[in-house]
Amino acid sequence: MGTTSIQRRLVAAVVISQLLLAIGLVAAAVYFTQRQLRNAFDVGLQGRAMSIAALVRYTEEQRPSLTFEGDLVPPSLEPGHPDLYEVRTPEGRLIARSPNWPADLAADWTRNGGHAEFSLGHDNYRGLRLEQVPVLDREGNEPSRDLLTVIYAASTAEMSAAVMHAGLYTALASSLLLCVTVLLALWGIRRGLRPLADLADSAAAVSASNWALHPSEAALRTTELVPLTRAMTAMLDCLHLAFTQQREFLANAAHELKTPVAILKSTLQSLLQVPRTAKEYRAGLEDALDDLARLEKLLHSMLRLARAEQWAGGLRRDLDAVDVAATCQVAVARLQPVAQERSIQVKVESSGTVLLQADADDLELVWSNLLENAIRFSPTGSSVQLRVRASGEHGYVEVEDCGPGIPESELSHVFERFHRGDASRARNSGGYGLGLAISKALIEAYGGSIRPVSKVGEGTKMIVSLPPFAPQHAR
């Protein structure tokens, strides 16, 4: 597939628009010039026709008659092209006619106000027919009762030539302006596209070791490029964050996998170094199985996180609506032994039925992770609150504990993968720092959000906001 050029398209658009403008100017110039010249020509025809009518005299020397003084006929309107004229009475009696009057003249004088156009040889003529013209030159003082019909025609060669010259001069001037405009447009387009080229050069300099865009000042001052520059900067920031998270995830995963693998290897090596009893082999294999279970749990968490992030990237699934409160009850029942071991009471409150189009196992995993954290870091003998409520079209799930709380400096990092704070992410607590990351990824995959609210010494509350889906409020 061939490439296209914005510059060529813009230049072509300018050329076409200017060419259409030039054609329009030429057409307008020809039209108005022809109109003005024709009006002036018609005025001249009327004046000549009246002059011919004035040459007709009424005499009573022997008997009353109309005579024509042909030696006083005015010269033609256009030298080299003799005019035509004819004078008749309304009854059709010929009084006078020009010597060059054609014998077979056929013209329709009934249209266009008595004007008509016809050809005579190689010349084009335009004529005027005046009817009911009184005889102006007569003897005596009695009013004239004689009327005349006068036809006068003249060649339009000079008028056509003047119209053609006006169109030609206008076309030449328009062509000159077209060339100048195209050159200015080409210069302006190249100058206008220069910031875009600079922005492309800045984008080409972005690499895995340099994520800064560094747009030029011209690109930052160009109104049309400001949204593109902002979008590219935001895109690069997101890519940089994703790249950094991926790199940190690989490093942290390798670090987390290294410990159980090393322990498992050490256990097996110690079993092979010296002969041991069956009981010792059994104890060593049980320790190895514990290490393998820990490793399996870590791999399962990593796979679950990867799947949740894949869904958040746009993977669609056809799912049924599930009762969020029912999934919370399943999670509470699953963690009840852990809570009883520490004498912690888990209280569940539900103020409405919230339906969500989701996988029940995913929601149970989210509530289990949140409850497990709340139980693990709550004092012995305290309580953990789990609330499900419907508000408008949205549903909310809140998990609140009475633990030591999270410092404000740590709140923005609690959902990071493999992150462990001093109080809530200690290795001896048994976590890998993936539970909250998995919960956040799953909730966002379903269009919801999760945020922590905590005060040091007063406990932590995790608030999950669910997307709207056919809520049914409590009765």
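In Å and on Cα atoms, what radius of gyration and Dmax does the chain show?
Values for the chain (Cα only, Rg and Dmax): 50.9, 171 Å.
Of His394, Phe377, Val464, which is farthest along the charge dipole of the stretch 321-473 in the positive direction, counting Lys and Arg as +1 and Asp and Glu as -1 at C-beta?
Phe377
What distance in nm lies between label points placed 7 Å from Cα along the C-beta direction at Ala321 and Arg191?
Placing both labels 7 Å beyond Cα along the Cβ direction yields 6.3 nm.
Kirkwood Rh over alpha-carbon pairs of the stretch 6-164, then Stokes-Einstein at 10 °C and 1.306 mPa s: what D in µm² s⁻¹, rounded to an integer? Numbers along the way, then the final one.
On the way: Rh = 18.4 Å.
For these conditions, the coefficient is 86 µm²/s.
If each residue of separation counts as 0.36 nm, what is the full-extension length gain between Arg97 and Ile23 once their alpha-carbon separation is subtracted?
On the way: separation 74, 0.36 × 74 = 26.64 nm, distance 4.43 nm.
So the extension gain works out to 22.2 nm.
Order these peptides, 8-15, 213-220, by their mean beta-carbon neighbour count within 10 angstrom, highest first.
Details: 8-15: 13.8, 213-220: 16.4.
Ranked from most to least packed, the peptides come out as 213-220, 8-15.
What number, rounded to the nearest 500 deg cm²/dmol, is the helix-based mean residue ellipticity at 222 nm of the chain, given -39500 (n - 2.57) per DSSP H run of at least four residues and division by all its residues? Before the final figure, lay out each step's value.
On the way: 9 runs with 235 residues, N = 475.
The helix-only estimate for the chain comes to -17500 deg cm²/dmol at 222 nm.
Most exposed first by the Cβ proxy, i.e. fewest other Cβ within 10 Å, how do Trp101, Trp367, Trp187 rank? Each step should come with its number before you reach the end.
Details: Trp101 15, Trp367 25, Trp187 10.
Least crowded to most crowded, the residues run Trp187, Trp101, Trp367.
Fewest first, what order do Val226, Val206, Val133 take by the number of other Cβ atoms within 10 Å? Numbers along the way, then the final one.
Values: Val226 13, Val206 16, Val133 19.
Going from sparsest to densest Cβ surroundings: Val226, Val206, Val133.
In debye to the nearest 20, how big a dipole does the chain give about its Cα centre with +1 on each Lys and Arg Cβ and -1 on each Asp and Glu Cβ? Could the numbers behind the result be given before it?
Numbers: 47 positive and 53 negative charges, 381 e Å.
With Lys and Arg at +1 and Asp and Glu at -1, about 1840 debye.
Under a point spin-label approximation (7 Å from Cα along Cα-to-Cβ), what is the Ile16-Ser207 distance to one decimal in nm?
4.3 nm
Compare the Cα positions of Leu176, Leu199, Thr223 along the charge dipole of the stretch 170-224 (+1 at Cβ of Lys, Arg; -1 at Cβ of Asp, Glu; about the Cα centre) and return the one farthest towards the positive end.
Leu176
For Glu117 and Arg9 in the same chain, what is the full-extension length gain: residue separation times 0.36 nm, less their Cα-Cα distance, in nm? Mind showing how you got there, number by number?
Values: separation 108, 0.36 × 108 = 38.88 nm, distance 4.73 nm.
Using 0.36 nm per residue and subtracting the Cα-Cα distance, I get 34.2 nm.
No value in this document is a laboratory result; all are computed from the given coordinates. As the structure is a computational prediction, the values presented were derived from the model and not from experiment. Every residue, glycine among them, receives a Cβ derived from its backbone with ideal geometry; neighbour counts consider all protein chains shown.
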